[in-house]
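Taken together, the values in this text are just the output of simple stated rules run on the coordinates, not laboratory data. Fair warning: this is a prediction, and the values are worked out from it, not measured in the lab. A quick note on method: Cβ atoms are made from the backbone with ideal geometry, for glycine too, and the neighbour counts reach across all protein chains shown.
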Amino acid sequence: MTEIHTETDDRQLLYIERTKHIVAQRSREVGHPLCACVVTFGCQMNARDSEKLRGILKAVGYQLTDAEDEADFIAYNTCTVRENADKHVYGRLGRLVGLKREKPWLIVGLCGCMMQEPQVVEKVRKSYPVVDLIFGTHNLFTFPELLHKVLTDQRRVIDVWESSPEIVENLPVERKYSFKSGVNIMFGCNNFCSYCIVPYVRGREKSREPEAILNECRRLAKDGVMEIMLLGQNVNSYGKTLDHPVSFARLLSEVCKIDGIRRVRFMTSHPKDLSDELIDVIAENPKICRHFHLPVQSGSDRILKAMNRHYDRNRYLAIVRKLREQVPDISLTTDIIVGFPGETEEDFADTLSLVKEVGYDSVFTFIYSPRTGTPAASMPDQVPEKTVHERFDRLLMQVRESAEERCARFKGRTMDVLVEEENKEPGYVTGRISQNITVHFKGSKDLIGKIVPVTLDDCRGFYYFGTQAGCPES
Ligand code: 5AD
Ligand code: SF4
């Protein structure tokens with residue numbers, strides 16, 4: 001297959017070469033190799049973007065570190081889905097002032113979704129002189145050029161684009177794990193759920209060409225990756241805007257055909273676009289992990305309508321039934337927002353009863369956070385904070401009860417675990433079964449990146465302690 005190389009890639013690759021010399025010179029000046037630290041906030045898409053930033057930083061000669069106080073370059077890859085995430089970033093920026101006093105050559109960069117909001121950029125510009133570089137999600141691929149500029153100009157560089165002109169394919173990436181990787185299949189979102197800021201900061205939905213995705217997966221497989229996570233804000237609508245439309249189900253089955261790829265995951269699915277074809281492909285394909293994250297957001301039809309979700313409770317429950325019928329051992333997880341404007345006690349009771357009825361394996365619970373510019377932020381009847389917190393606690397209790405019961409269903413079974421890391425407890429390692437449940441067991445770090453049969457002995461709520469029950473598969 002031919003690679004798609006564009007002028008934009010070439011330009012950025014040229015800047016990588018140019019920046020190498022500057023980084024080498026700076027290292028000589030400060031008397032040690034320069035280190036860079038990228039801190040990720042938010043979702044899997046941001047985690048993948050951070051791997052791209054790290055890839056570029058490594059290519060220009062920085063050594064990568066997780067310790068901010070060792071770094072000569074720090075980037076915060078921000079999230080703005082909820083207000084708390086914003087506050088957290090401002091707090092951390094405050095703490096960098098002291099570090100910069102000790103190390104005047106320290107460069108601080110901000111990127112990610114928060115930077116797509118003009119009022120945020122304005123606030124940082126005025127109140128956080130510690131920040132040297134600001135760029136957004138749409139021009140992340142220009143990072144080599146921006147880095148070159150901030151290193152040579154010795155003054156602030158701010159460059160945020162409103163949309164992406166093209167999808168840039170060929171820049172370096174530094175993966176966190178050698179054996180698993182995220183792969184972007186699409187960017188942006190067209191759904192405009194009434195509470196959500198993502199469509200405003202990530203822009204309109206744009207799918208990558210299937211060949212570009214498959215080539216990336218093939219390259220990753222050759223490089224030892226056995227688990228792929230296909231990433232998009234709404235993977236179920238993948239491919240609809242391509243010149244030659246391709247369904248997500250089709251893409252998924254093509255990815256499964258790649259030799260060396262043993263597990264395929266995906267994130268996130270919107271219930272309104274979930275097709276029967278997709279359920280069929282999952283059922284037929286053992287490489288597709290038996291885990292489905294299907295955000296419901298609320299169990300009340302009235303609230304789902306106000307959220308602009310385009311499905312109701314019954315349709316959601318019908319999808320759950322179909323998934324469980326066709327893929328019996330599947331685990332189901334979801335996102336729920338508590339305290340959406342106008343949520344009454346009755347609406348909330350519908351959410352509680354839905355959680356009970358579905359019996360999720362795990363639930364990500366969020367307190368509604370008004371985001372400026374979204375329709376929900378100006379809706380009447382914002383729910384008082386005290387009520388929201390009280391409902392949130394009740395929801396957590398319900399979730400815990402259902403999830404513990406669900407998780408325990410695998411007790412005593414021997415299942416394949418992909419080992420991801422050493423455990424804090426010496427002599428133990430940690431990994432995941434296909435259903436995305438975490439398992440700890442006694443084993444050495446040589447098992448990392450291998451699939452090992454493990455008997456799940458002891459269920460501790462959301463995770464297991466187990467015993468290795470055979471040799472790792474080669
Ligand atoms: N307030 C609270 N939670 C939100 N989410 C998205 N926007 C908001 C908001 N304004 C949650 C949704 C989504 C998850 C990624 O974040 O549940 O599925
Ligand atoms: Fe936000 Fe809805 Fe798009 Fe998800 S589908 S990113 S919740 S607008």
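Assorted remarks:
- DSSP loop GluC sites (Glu not before Pro) with at most 13 other Cβ within 10 Å: longest gap in the chain: 167-474
- If the convex hull is drawn through the Cα atoms of the stretch 369-467, its volume per residue in Å³: 155
- Among the trypsin sites (Lys or Arg not before Pro) found in the stretch 243-288, those both in a DSSP coil and sparsely packed, with 13 or fewer other Cβ atoms within 10 Å of their Cβ, are K257.
- The calculated FRET efficiency for L14 paired with R250, based on their beta-carbon distance and R0 = 35 Å, is about 0.45.
- Net length available on complete extension from R92 to D153 is 19.4 nm, with 0.36 nm assigned per residue and the Cα-Cα distance removed.
- For the listed residue pairs K20/K176; K240/K272; K100/K424, the alpha carbons are over 26 angstrom apart in K100/K424.
- The stretch 24-129: chymotrypsin sites (Phe, Trp or Tyr not before Pro) falling in loop per DSSP and having at most 13 other Cβ within 10 Å: W105
- Extension reserve of the R413-S178 stretch, reckoned as 0.36 nm per residue once the Cα distance is removed: 81.8 nm
- For the stretch 176-264: rounded, prolate or oblate by the Cα gyration tensor [a/c cutoff 1.5]: prolate
- Given R0 = 45 Å, the distance between the Cβ atoms of N84 and H21 translates into a calculated FRET efficiency of 0.65.
- Cross-link partners of K123 among lysines (Cα-Cα below 16 Å; sequence separation of 8 or more within a chain): K87
- All Cα pairs of the chain, percent lying beyond 31 Å: 48
- Computed over the alpha-carbon atoms, the stretch 111-197 gives an Rg to Rh ratio of 1.01, Rh here being the Kirkwood radius from the mean inverse distance.
- Rounded if a/c under 1.5, otherwise prolate or oblate - the stretch 1-108, Cα gyration tensor axes: oblate
- Once the Cα atoms are used to define both axes, helix 118-127 deviates from the longest principal axis of the chain by about 50 degrees.
- Inter-site label distance for E122 and L242 at 7 Å from Cα along Cβ, in nm: 4.1
- Violating pairs (Cα-Cα greater than 23 angstrom) within the set K52/K445; K180/K356; K52/K222: K52/K445; K180/K356
- Two-site FRET efficiency, F364 against T344, from Cβ-Cβ distance with R₀ of 30 Å, rounded to 0.05: 0.85
- The stretch 252-284 and the stretch 130-206 have their alpha-carbon centroids 26 Å apart.
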